[in-house]
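One structure is given below, encoded as structure tokens.
The values are calculated or read from the model by the stated rules, or taken from the named source; none is laboratory data. None of these values were measured; they are calculated from a predicted model. Because the Cβ atoms are built from the backbone with ideal geometry, glycine has one as well, and the counts that use them run over all protein chains shown.
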């Protein structure tokens, strides 16, 4: 019998993090909001989880492998499809924007997942990848916790350079980079942090990539 996922067996525990640390959550939301593209057709979040981001960002459709998490997202009004990032249950060129928010560390084959993202995106569409960099303060904290953190014990955290390279390999041009949660993790919930451009200091980084067919733009530092 396959080993059960903590996202199935402890979905409520995972979801409760957002209530326990509301300012950190709002900081992350604000960072994503800073790079939202113009609205065009439907938006899709891959790895929608419990719908905490999708419900606040106006995302229409979620893809989620955990049924327990999907039930929570549906209660928040998200149309959730069962599926994985590597095999998305959506037609080609059917989305104006695709979001992967704290998802890529749980993806087994990132190049395949980004290839699927490009497949379902319309020309001129956007992908937004928000993640915890491996060498950030939170990244080092989760690595040190090891098996003590049931959700991150099997996660594969990636560096900003790797994610940027994988996006380029999939044909995306990164035109925005935003970071937040730049301080000590122990103080991350003391206030809502205003996001800043770039990466290198933040434990939550958002890269926005443009799909082929879009006008060339300069990459921010």
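Assess whether residue 71 counts as being crowded, with 16+ Cβ neighbours inside 10 Å and either on the phi > 0 side of the Ramachandran plot or in contact (Cβ under 8 Å) with a residue 12 or more places away in the chain (or both). No, not satisfied. In the condition set (1) surrounded by fewer than 17 Cβ atoms within 10 Å (Cβ to Cβ); (2) in a helix (DSSP H, G or I); (3) free of Cβ contacts under 8 Å to residues at least 40 places away in the same chain, residue 81 is compliant with all but (2).
Would you be able to say whether some residue in segment 141-153 is at pLDDT below 95, touching a strand residue (DSSP E or B) at 6+ places or on another chain (Cβ under 8 Å), at positive phi and surrounded by fewer than 14 Cβ atoms within 10 Å (Cβ to Cβ)?
Taking segment 141-153 as the starting set, the residues that turn out to be at pLDDT below 95 are 141-153.
Next, from what is left, pick out any that are touching a strand residue (DSSP E or B) at 6+ places or on another chain (Cβ under 8 Å): none.
Within segment 141-153 (the criterion being at pLDDT below 95, touching a strand residue (DSSP E or B) at 6+ places or on another chain (Cβ under 8 Å), at positive phi and surrounded by fewer than 14 Cβ atoms within 10 Å (Cβ to Cβ)), the answer is no, since none of the residues qualifies.
From the residues in segment 31-55 that are farther than 19 Å from residue 76 by Cβ and in contact (Cβ under 8 Å) with a residue 40 or more places away in the chain, which one is surrounded by the fewest Cβ atoms within 10 Å (Cβ to Cβ)? Before you say what the answer is, go through the steps one by one.
If we filter segment 31-55 for residues that are farther than 19 Å from residue 76 by Cβ, which is where we start, we get 31, 34-35, 37-41.
Subsequent filtering for residues that are in contact (Cβ under 8 Å) with a residue 40 or more places away in the chain retains 31, 34-35, 37, 39-41.
Details: 31: 22, 34: 16, 35: 18, 37: 18, 39: 10, 40: 13, 41: 13.
The extreme case among them is 39.
Working only within segment 108-136, note down all residues that are assigned to a loop (DSSP other than H, G, I, E, B) and under 24 Å from residue 180 (Cβ atoms). Answer for segment 108-136, where residues must be assigned to a loop (DSSP other than H, G, I, E, B) and under 24 Å from residue 180 (Cβ atoms): 132, 133, 134, 135, 136. Among the residues of segment 27-61, those that are touching a helix residue (DSSP H, G or I) at 6+ places or on another chain (Cβ under 9 Å) and assigned to a helix (DSSP H, G or I) comprise 29, 32, 33, 54, 55, 56, 57. Scoring residue 190 on the criteria (1) out of contact with any helix residue (DSSP H, G or I) (no Cβ under 6 Å at 6 or more places or on another chain); (2) under 27 Å from residue 63 (Cβ atoms); (3) in a loop (DSSP other than H, G, I, E, B) leaves a single failure, condition (2). Of the residues making up segment 87-94, one or more are exposed (fewer than 15 other Cβ atoms within 10 Å of the Cβ), closer than 19 Å to residue 156 by Cβ and at pLDDT 95 or above. What do you reckon, is residue 72 at pLDDT 95 or above and either assigned to a loop (DSSP other than H, G, I, E, B) or touching a strand residue (DSSP E or B) at 6+ places or on another chain (Cβ under 8 Å) (or both)? No; evaluated as a whole, the condition is false for this residue. Checking each residue of segment 93-101 against the condition of being touching a residue at least 12 places away in the same chain (Cβ under 8 Å) and closer than 19 Å to residue 13 by Cα gives at least one match. Could you look through segment 162-187, keep only residues that are farther than 19 Å from residue 136 by Cα and part of a loop (DSSP other than H, G, I, E, B), and pick out the one that is farthest from the chain's Cα centre (by Cα)? Within segment 162-187, the match that is farthest from the chain's Cα centre (by Cα) is 171.
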